[in-house]
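S.K.: Quick one: the structure is below, and I'll ask about it shortly.
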Amino acid sequence: MPILGASAVFAAVTNATATAGNATSGGAAGAQAKPAGISDSDLVFDIDLVLLGCVAVFFLLLLPRAAVRFTHKREWIDGHFLRSVYLEGPTAPARVLRRPSEKRPNVISPVSPVYLAPSSNNTDGSSYEHHQYYTEEWGGTTDVSHTYVSHADLLRKGSTASGRERRRQNAPTHMPGVSTMFPATAAFLRKTIRPGLTIGKSIILVSYSAIMLFAGLYMSNPLSEPVRAGFVAVSQVPVIVILGSKNNLVGMLIGFGYERLNYFHRFAGRMFILAANVHAIGYFYSWSIDGTFAKSIMIPKFTNGLVALICADLILLLSTDFVRQRFYNSIFIPSHVVLAVIMCVTLAMHYPICVPYVVVAAAVYGLDRFMRLIKSRVVMARLRPLPDLGMTRVEIPGLNSGWRAGQHVRLRVLSFGMGWRRWAETHPFTIASVSRCPSGEGLVLMVKKAGDWTNKLYDLAQRADYSEANGLGGAVQVIVEGPYGGPGHAIFSSFSGALFVAGGSGITFALAAVQDLMKKDLEYRSRVRAMELVWCIQDPSALTPLIPLFSTLVAQSQEAYASLRISVYYTRAPPNPEVLKTFSHLPPGLTLSPARPKLGKNLKGVVDRASALFSGGKERSRGHGSLTGVVVGVCGPSGLGDEVRKAVANFDPDNRKRVGGIELHEEAFGW
């Protein structure tokens, strides 16, 4: 009822102003008779209701999974606001594992990227073990390696009867996704037409185009009656703003982050500009034929319309891939905001019929800015340069909770060391640490050197690291906004198996997801039996700084409920072949191989391990139910995403059905 009431009020307002708008449209075009029973304002408003109905269909399709997700208390509070909470357990590492002949280092960092159990004995009688990893060979206790690897004891828990009972009680409920129920259809819709555009996205965009063309052409000639195109254009202003906001109302309903709907925002903007230009050209043509162009354009309402049109066209010109990729913060964002504000103001002054749409767009934008404000935290961060990876590690111990694995934040570094302008820029980065980690690590970002801003951050980290080493203090003030994105309504820990594929710096997403599942495994809140992390790199030397962490994770999984394998693949031969000799004694479960991975084989290995103790879909031993499928997560270049989609689509149907289905989650972000 409230929605219907609001619709009625909105329709009444638009109908009240439509008569005046149609009567004063000016020129020969304005004199055209309207088709009987057709009102431009009613038509475009009904079109917006159709679009709202399409969103409702998607919402209803995804509602069962959303309902299951929010039956878990933690899902109500995580993934929305960053915060600091008190955690029981160690806030600093207990001691460093060393070989008997190894000397104690002078400095031990408190950084601990791996979740650690609080004690060596559980109240339920399950035992823990200490596992030695390669601290001496891989430099796990050097001043450099402390940025990659935990220095705390690696603790284990056994798989006792009590533990199995707790897992049965605490494991999250699994709800299959729509793609799991219709795998063939999902595989078809995921096929790539060009980078960033799949068949599924194309169908959505073609359907939207058809709706817009119907609204603009139904019983209307755009040359003789250009006012219709104007109605169509202004009706899409709220749609564009909603889809472009960071706190996306549509995304909240269907469980999609704003970055996954940005393609629709860009396309809707282009349709708006197309309709606005058709609307203006019709009037320009009519005035030119009549010889009244100069006189008509000086009328205030038409002058305001011309200003709005110029702003819209400039937005299109300054939103090309070239500008967006190279000048996002310096040109794209400022021009977008300033021109959009001028455009909306002049639209409201163009015709009264535009006012309700502009007001709705302004309200949506204001809500988004308010949400971004309350989701922002001003905190101190420690910057550490990682030369081997070409990255900067940003450690924020003041924030230790509130995000889900796979989510990202927007970071602003408030330091003039970033330059006179770049200190005000905001950039998105995937969170590389685990929420609520008792080690005291907090929120961690891994920022790869990939442009001017990230290079400046790396230089600042080097200066900060030098200052900290000399007792001058290396902390900087930052603004962290988020979290955003993530797995939506899916719960990774509700699946029976997980495969994470990363390319280059995409390892931050994969590591965060793996460590989160390991943490939940220790808390008996995970169904995952088998995990594999596949990392594709160019130079094998990039593996060196992460070997201690990988070794820790593999050793931690040996007696846990979930087994873990880490497979690293390199695509370029190292300049010095001697480098490969340093990887001849990798720990079991960690492999380094040349060439690209055969992802179908990796996926089959996870499926086989996840279903090893099952027969007919039921666990033969004392467990907690049936197989619940395998989740495949990918973060990296578009080519890697294509390979993962092909591996999922071509997977054997019988094995897919046996494991309970395979679901794909793609983590990608771009300007």
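The values are calculated or read from the model by the stated rules, or taken from the named source; none is laboratory data. Remember, it's a predicted structure, so these values are computed and weren't measured experimentally. We place every Cβ from the backbone using ideal geometry, glycine too, and count neighbours over all the protein chains shown.
S.K.: Taking region 346-400 as the search range and keeping residues that are of a type in the set (Lys, Arg) and in a helix (DSSP H, G or I), which one is farthest from Ala312 (Cα to Cα)?
M.R.: Going residue by residue through region 346-400, those that are of a type in the set (Lys, Arg) are 369, 372, 375, 377, 382, 384, 393.
Of the ones still in play, those that are also in a helix (DSSP H, G or I) are 369, 372.
Working: Arg369: 22, Arg372: 25 Å.
Residue satisfying both the conditions and the ranking: Arg372.
S.K.: Among the numbered criteria (1) in contact with a Phe, Trp or Tyr (Cβ under 7 Å, 6 or more places away or on another chain); (2) modelled with pLDDT of 90 or more; (3) not in a helix (DSSP H, G or I), which one does Leu223 miss?
M.R.: (2)
S.K.: For region 639-663, give me each residue that is acidic (Asp, Glu), farther than 21 Å from Ala595 by Cβ and surrounded by fewer than 18 Cβ atoms within 10 Å (Cβ to Cβ). Break it down into steps so the answer makes sense when it comes.
M.R.: Going residue by residue through region 639-663, those that are acidic (Asp, Glu) are 642-643, 652, 654, 663.
Pick out the ones that are also farther than 21 Å from Ala595 by Cβ and you get 652, 654, 663.
Answer for region 639-663, where residues must be acidic (Asp, Glu), farther than 21 Å from Ala595 by Cβ and surrounded by fewer than 18 Cβ atoms within 10 Å (Cβ to Cβ): Asp652, Asp654.
S.K.: Among (1) closer than 27 Å to Arg525 by Cα; (2) out of contact with any Ser or Thr (no Cβ under 7 Å at 6 or more places or on another chain); (3) of a type in the set (A, V, I, L, M), there is one condition Val55 misses while meeting the rest; what is its number?
M.R.: Failed condition: (1).
S.K.: Determine, yes or no, whether Arg412 is outside any strand (DSSP E or B) and touching a residue at least 24 places away in the same chain (Cβ under 8 Å). Show your work before the answer.
M.R.: Numbers: outside any strand (DSSP E or B): no; touching a residue at least 24 places away in the same chain (Cβ under 8 Å): yes.
Here the answer is no, as Arg412 does not meet what is asked.
S.K.: Could you run through region 315-330 and say how many residues are polar (S, T, N, Q) and closer than 17 Å to Gly244 by Cβ? Give the derivation first.
M.R.: The initial filter retains those residues of region 315-330 that are polar (S, T, N, Q), namely 319-320, 325, 329-330.
Then keep just the ones that are closer than 17 Å to Gly244 by Cβ; that gives 319-320, 329.
So the answer is 3.
S.K.: A follow-up question, please. Quick check: anything in region 528-538 in contact (Cβ under 8 Å) with a residue 40 or more places away in the chain, in a helix (DSSP H, G or I), of a type in the set (Lys, Arg) and in the same structural domain as Cys635 (by TED's automatic domain parsing)?
M.R.: Looking through region 528-538, none of the residues is in contact (Cβ under 8 Å) with a residue 40 or more places away in the chain, in a helix (DSSP H, G or I), of a type in the set (Lys, Arg) and in the same structural domain as Cys635 (by TED's automatic domain parsing).
S.K.: If you don't mind, there's one more thing I want to ask. Would you confirm whether any residue within region 570-583 is modelled with pLDDT of 80 or more, under 28 Å from Ile193 (Cα atoms) and assigned to a helix (DSSP H, G or I)?
M.R.: No: zero hits.
S.K.: Output the number of residues of region 313-345 satisfying the condition of being closer than 16 Å to Arg270 by Cα, polar (S, T, N, Q) and either assigned by TED's automatic domain parsing to the domain that holds Thr426 or loosely packed, with under 13 Cβ neighbours inside 10 Å (or both).
M.R.: Within region 313-345, residues that are closer than 16 Å to Arg270 by Cα, polar (S, T, N, Q) and either assigned by TED's automatic domain parsing to the domain that holds Thr426 or loosely packed, with under 13 Cβ neighbours inside 10 Å (or both) number 1.
S.K.: Is it true that Ala542 is under 19 Å from the mean Cα position of the chain (by Cα), in a helix (DSSP H, G or I), within 27 Å of Arg410 (Cα to Cα) and assigned by TED's automatic domain parsing to the domain that holds Leu603? Before the answer, list the steps.
M.R.: Details: under 19 Å from the mean Cα position of the chain (by Cα): no; in a helix (DSSP H, G or I): yes; within 27 Å of Arg410 (Cα to Cα): yes; assigned by TED's automatic domain parsing to the domain that holds Leu603: yes.
For Ala542, the condition - under 19 Å from the mean Cα position of the chain (by Cα), in a helix (DSSP H, G or I), within 27 Å of Arg410 (Cα to Cα) and assigned by TED's automatic domain parsing to the domain that holds Leu603 - is not met.
S.K.: Now a separate question. Any idea which of Gly625, Gly636, Gly617 is crowded, with 22+ Cβ neighbours inside 10 Å and either at pLDDT below 90 or assigned by TED's automatic domain parsing to the domain that holds Ser496 (or both)? If you could, list the steps in order and put the result at the bottom.
M.R.: Details: Gly625 fails: crowded, with 22+ Cβ neighbours inside 10 Å; Gly617 fails: crowded, with 22+ Cβ neighbours inside 10 Å.
Gly636 is the lone residue from the list that is crowded, with 22+ Cβ neighbours inside 10 Å and either at pLDDT below 90 or assigned by TED's automatic domain parsing to the domain that holds Ser496 (or both).
S.K.: Related question: Out of curiosity, is Asp452 surrounded by fewer than 22 Cβ atoms within 10 Å (Cβ to Cβ), modelled with pLDDT under 90, in contact with a Pro (Cβ under 8 Å, 6 or more places away or on another chain) and not assigned by TED's automatic domain parsing to the domain that holds Gly305?
M.R.: Working: surrounded by fewer than 22 Cβ atoms within 10 Å (Cβ to Cβ): yes; modelled with pLDDT under 90: yes; in contact with a Pro (Cβ under 8 Å, 6 or more places away or on another chain): no; not assigned by TED's automatic domain parsing to the domain that holds Gly305: yes.
In short, no.
To keep it simple, each residue is scored yes or no on (1) modelled with pLDDT under 90; (2) polar (S, T, N, Q); (3) surrounded by fewer than 20 Cβ atoms within 10 Å (Cβ to Cβ); (4) within 20 Å of Gly641 (Cβ to Cβ).
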site: Val444; (1), (2), (3), (4): no, no, no, no
site: Ala469; (1), (2), (3), (4): yes, no, yes, no
site: Tyr484; (1), (2), (3), (4): no, no, no, yes
site: Val501; (1), (2), (3), (4): no, no, no, yes
site: Ala510; (1), (2), (3), (4): no, no, no, yes
site: Asp516; (1), (2), (3), (4): no, no, no, no
site: Thr544; (1), (2), (3), (4): yes, yes, yes, no
site: Phe550; (1), (2), (3), (4): no, no, no, no
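S.K.: Also, I was wondering about something else. Would you mention how many residues in region 258-270 are at pLDDT 95 or above and aliphatic (A, V, I, L, M)?
M.R.: 1
S.K.: Answer yes or no as to whether Leu592 is part of a strand (DSSP E or B), touching a strand residue (DSSP E or B) at 6+ places or on another chain (Cβ under 9 Å) and at pLDDT 90 or above. Outline the logic, then answer.
M.R.: Numbers: part of a strand (DSSP E or B): yes; touching a strand residue (DSSP E or B) at 6+ places or on another chain (Cβ under 9 Å): yes; at pLDDT 90 or above: yes.
Yes: the conditions hold for Leu592.
S.K.: Tally the residues that are modelled with pLDDT of 85 or more and hydrophobic (A, V, I, L, M, F, W, C), restricting the search to region 78-111. Walk me through how you get there before you give the answer.
M.R.: Within region 78-111, the subset modelled with pLDDT of 85 or more is 78-85.
Filter once more, keeping what is hydrophobic (A, V, I, L, M, F, W, C): 81-82, 85.
So the answer is 3.
S.K.: Checking Gly269 against (1) assigned to a helix (DSSP H, G or I); (2) touching a Phe, Trp or Tyr at 6+ places or on another chain (Cβ under 6 Å): exactly one of these is not met. Which one?
M.R.: Against the list (1) assigned to a helix (DSSP H, G or I); (2) touching a Phe, Trp or Tyr at 6+ places or on another chain (Cβ under 6 Å), Gly269 comes up short only on (2).
S.K.: Turning to a different aspect of this structure: If a residue must be under 18 Å from Val480 (Cα atoms) and not in a helix (DSSP H, G or I), how many such residues does region 441-465 contain?
M.R.: So the count comes out to 8.
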